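Take a look at the structure below.
Quick note: the coordinates plus some simple rules give every number you see, no bench work behind them. Just so you know, these numbers come straight off a predicted model, no measurement behind them. Cβ: placed from backbone, ideal geometry, glycine included. Neighbour counts: every protein chain shown.
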Amino acid sequence: MKSPSVIAAIEESDSARGWIFRCHLGDAGESIVRLDWADYGHWCPGGDIAPSLIAESVIRVMLEHGVTVPPDFDAGRARHVVPNVDERITNLIRR
């Protein structure tokens with residue numbers, strides 16, 4: 001599946017361990033992404049990037065690698081399905 005040009009976190013809520021985002025994936029529909037504080041701190045150690053941008057980047061990297069984005073998943077799942085995901089997410093958010 002081609003990565004949609006627009007991936008947007010359209011709703012954010014807090015969870016006991018971080019955040020939950022409802023993300024719009026263009027024509028591919030929507031997905032719920034849970035982002036734990038630990039994963040956020042790993043991908044954004046300075047805390048200078050909005051957590052929603054991290055969630056959007058996780059989806060984009062998964063799609064660019066050809067991974068089907070589940071309708072509801074934990075962002076840390078990306079580490080199990082995308083090689084070099086940490087580096088790819090870091091590069092994407094620092095553009």
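Between a first residue in segment 17-39 that is at negative phi and free of Cβ contacts under 8 Å to residues at least 24 places away in the same chain and a second residue that is β-branched (Val, Ile, Thr) and not in a loop (DSSP other than H, G, I, E, B), which pairs have beta carbons less than 7 Å apart while being 6 or more apart in sequence or on different chains? What qualifies is Ile20/Ile32; Arg22/Ile10; Arg22/Ile32; His24/Ile10. Candidates are the residues of segment 21-54 that are acidic (Asp, Glu) and part of a helix (DSSP H, G or I); the one that is farthest from the chain's Cα centre (by Cα) is Asp27.
Residues of segment 7-59 being charged (D, E, K, R), out of contact with any strand residue (DSSP E or B) (no Cβ under 6 Å at 6 or more places or on another chain) and closer than 13 Å to Ala78 by Cβ, which ones? Selection gives Asp39 alone. Note on segment 1-50: among residues that are under 19 Å from Arg88 (Cβ atoms) and in contact with a Cys (Cβ under 8 Å, 6 or more places away or on another chain), the one that is surrounded by the most Cβ atoms within 10 Å (Cβ to Cβ) is Val33.
Could you please find all residues in segment 52-80 being of a type in the set (A, V, I, L, M) and surrounded by 16 or more Cβ atoms within 10 Å (Cβ to Cβ)? Break it down stepwise before answering.
At the first step, the residues of segment 52-80 found to be of a type in the set (A, V, I, L, M) are 53-55, 58-59, 61-63, 67, 69, 75, 78.
Residues satisfying the conditions are Ile54, Ala55, Val58, Ile59, Val61, Met62, Leu63, Val67, Val69, Ala75, Ala78.
Counting only residues that are assigned to a helix (DSSP H, G or I) and either hydrophobic (A, V, I, L, M, F, W, C) or farther than 18 Å from Ala16 by Cβ (or both), segment 55-77 holds 12 of them.
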